[in-house]
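Structure record follows, encoded as structure tokens.
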Amino acid sequence: MVQVRGPGWTPSDAYYQCRYAVLRQPLGFDRGAEQLADDSEAIHAYVESENDDIVCVGSAHLIPSDSDGSQSDFPGAKGPKTPSFSPLLEHENRPAIQIRQMGTLQTSRRMGLAAQVLEALEREAKLIFSAKIGLLQAREEAIPFYEATGWAIIDRPYSIPNVGPHCSMMKVL
């Protein structure tokens, strides 16, 4: 069952461990790289296994009204910046959220958990933030998953240093 928390919730170590194991450790990053400065302001969704291990995570972050969505996805904004989202130039697309830090442990993939987490984040972002659109930066291997859940590519592929190829995607909520 998907659990939803925040804003105001501080993710547990188990939550961060899942995020790290899926998204940062395979790239050779040190522990701590999975924590974002605005995590306490975000909506988080996750799935626990029968052993109470967290096996799938994701978060929805409200994009500030004065932001084009470009940012570092690393602690202290030390990492490379991601590109801006062109749909944010249109006022009618605000408020907007960004889905960030989605990941499922290898042993729990292909079970529909990420789709459930994503659906919960979209639903809660509409309720809590009144979000009109969702945006995200998908790693190349995740693009088919997002397309299958109704997200569309909105730009040309680009590469984030030390992370790899990505595409920006959007979904009307």
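Some values worked out for this structure:
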item	result
One residue from 24, 31 being farther than 25 Å from residue 123 by Cα, among the basic types (Lys, Arg) and in a loop (DSSP other than H, G, I, E, B)	31
Residue match in the stretch 53-60 (condition: open to solvent by 20 Å² or more (accessible area, probe 1.4 Å) and either modelled with pLDDT of 90 or more or in contact with an Asp or Glu (Cβ under 9 Å, 6 or more places away or on another chain) (or both))	yes
Residue ID - farthest from residue 84 (Cα to Cα), chosen from residues in the stretch 133-162 that are buried (at least 17 other Cβ atoms within 10 Å of the Cβ) and touching a residue at least 40 places away in the same chain (Cβ under 8 Å)	142
Test: residue 128 is touching a residue at least 12 places away in the same chain (Cβ under 8 Å), open to solvent by less than 70 Å² (accessible area, probe 1.4 Å) and among the hydrophobic types (A, V, I, L, M, F, W, C)	no
Among (1) assigned to a helix (DSSP H, G or I); (2) over 17 Å from the mean Cα position of the chain (by Cα) - the single one residue 17 does not satisfy	(2)
In the stretch 4-14, the residues that are in a strand (DSSP E or B) and open to solvent by 50 Å² or more (accessible area, probe 1.4 Å)	5
Lone qualifier among 41, 50 - being in contact with a Pro (Cβ under 6 Å, 6 or more places away or on another chain) and either open to solvent by 20 Å² or more (accessible area, probe 1.4 Å) or not small (Gly, Ala, Ser) (or both)	41
Residue match in the stretch 87-97 (condition: surrounded by fewer than 14 Cβ atoms within 10 Å (Cβ to Cβ), of a type outside the set (A, V, I, L, M, F, W, C) and in contact with a Ser or Thr (Cβ under 9 Å, 6 or more places away or on another chain))	no
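The values are calculated or read from the model by the stated rules, or taken from the named source; none is laboratory data. What you see is a predicted model; the values in this text were computed from it and never measured. Positions of Cβ are generated from backbone atoms using ideal geometry, with glycine treated the same way; all protein chains shown enter the neighbour counts. All accessible areas refer to the heavy atoms of the entire protein, side chains included, with ligands and DNA or RNA removed. Shrake-Rupley method; radii C 1.70, N 1.55, O 1.52, S 1.80 Å.
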